[in-house]
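Asker: Pasting a structure below so you can have a look.
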Amino acid sequence: MLVCEAVHALRLRASPATVNAIAQEIGLDQSGASRLIKSATAAGYLVMAASATDGRRREASLTSAGRSILDQAHRWQEEVFVELTTGWSDKKRRDFQQAMTDLMDRSYEMDA
């Protein structure tokens, strides 16, 4: 799941999902990320292919099974969020989500 989330996040930022980029995204060394990528590929959640812009690089993409499991995980996360914030106003929920999004965006800017 962690690797699928990393590939998804990289794609949302229009960044290539290379082994090194995935490693940085999840905070592992290249060899650890490579093992996770191989496991996710073997499970049918990812496919590795030559980069469209640089044939020497390989990039990961989500398969339909990978997108499906990611969608399920996101639905579960939303359900837990709603449960954890029971009693919060809609405004408080939106403000919290926006603040967390702003923090994540800022962390990506700091890495660049």
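Asker: Determine the pairs where a residue that is farther than 30 Å from LEU46 by Cβ, located within region 69-94, has a partner that is polar (S, T, N, Q) and surrounded by 10 or more Cβ atoms within 10 Å (Cβ to Cβ) with Cβ atoms under 8 Å apart, the partner being 6 or more residues away or on another chain.
Answerer: LYS92/THR85; ARG93/THR85
Asker: Could you check region 20-32 and list, in sequence order, the residues that are more than 13 Å from the chain's Cα centre (by Cα) and either closer than 20 Å to HIS74 by Cβ or of a type in the set (A, V, I, L, M) (or both)? Break it down stepwise before answering.
Answerer: So the first thing to find is which residues in region 20-32 are more than 13 Å from the chain's Cα centre (by Cα), and the list is 20, 28-32.
LEU28 - this is the single residue of region 20-32 that is more than 13 Å from the chain's Cα centre (by Cα) and either closer than 20 Å to HIS74 by Cβ or of a type in the set (A, V, I, L, M) (or both).
Asker: Okay, next question. Restrict the check to region 11-23 and report whether at least one residue is touching a strand residue (DSSP E or B) at 6+ places or on another chain (Cβ under 6 Å) and farther than 25 Å from ASP105 by Cα.
Answerer: For region 11-23, residues touching a strand residue (DSSP E or B) at 6+ places or on another chain (Cβ under 6 Å) and farther than 25 Å from ASP105 by Cα: absent.
Asker: Now for a separate question. Residues SER64, SER15: which one is free of Cβ contacts under 8 Å to residues at least 60 places away in the same chain, among the hydroxyl-bearing types (Ser, Thr, Tyr) and within 21 Å of THR101 (Cα to Cα)? Let's see the steps before the verdict.
Answerer: Working: SER64 fails: within 21 Å of THR101 (Cα to Cα).
Testing whether each residue is free of Cβ contacts under 8 Å to residues at least 60 places away in the same chain, among the hydroxyl-bearing types (Ser, Thr, Tyr) and within 21 Å of THR101 (Cα to Cα) leaves just SER15.
Asker: Next question, about the same structure. Please find, within region 32-74, the residue that is surrounded by the fewest Cβ atoms within 10 Å (Cβ to Cβ) out of those that are within 28 Å of GLU109 (Cβ to Cβ) and of a type in the set (S, T, N, Q).
Answerer: Per the stated criteria, the residue is THR53.
Asker: Next question. Go through region 75-103 and give me each residue that's polar (S, T, N, Q), surrounded by 10 or more Cβ atoms within 10 Å (Cβ to Cβ) and over 19 Å from GLU5 (Cβ atoms).
Answerer: THR85, GLN98
Every number in this text was worked out from the coordinates using simple rules, so none of it is lab data. Being a predicted model, the structure only gives us computed values, none of them experimental. Reconstructed Cβ throughout: ideal geometry from the backbone, glycine too, with neighbour counts over all protein chains shown.
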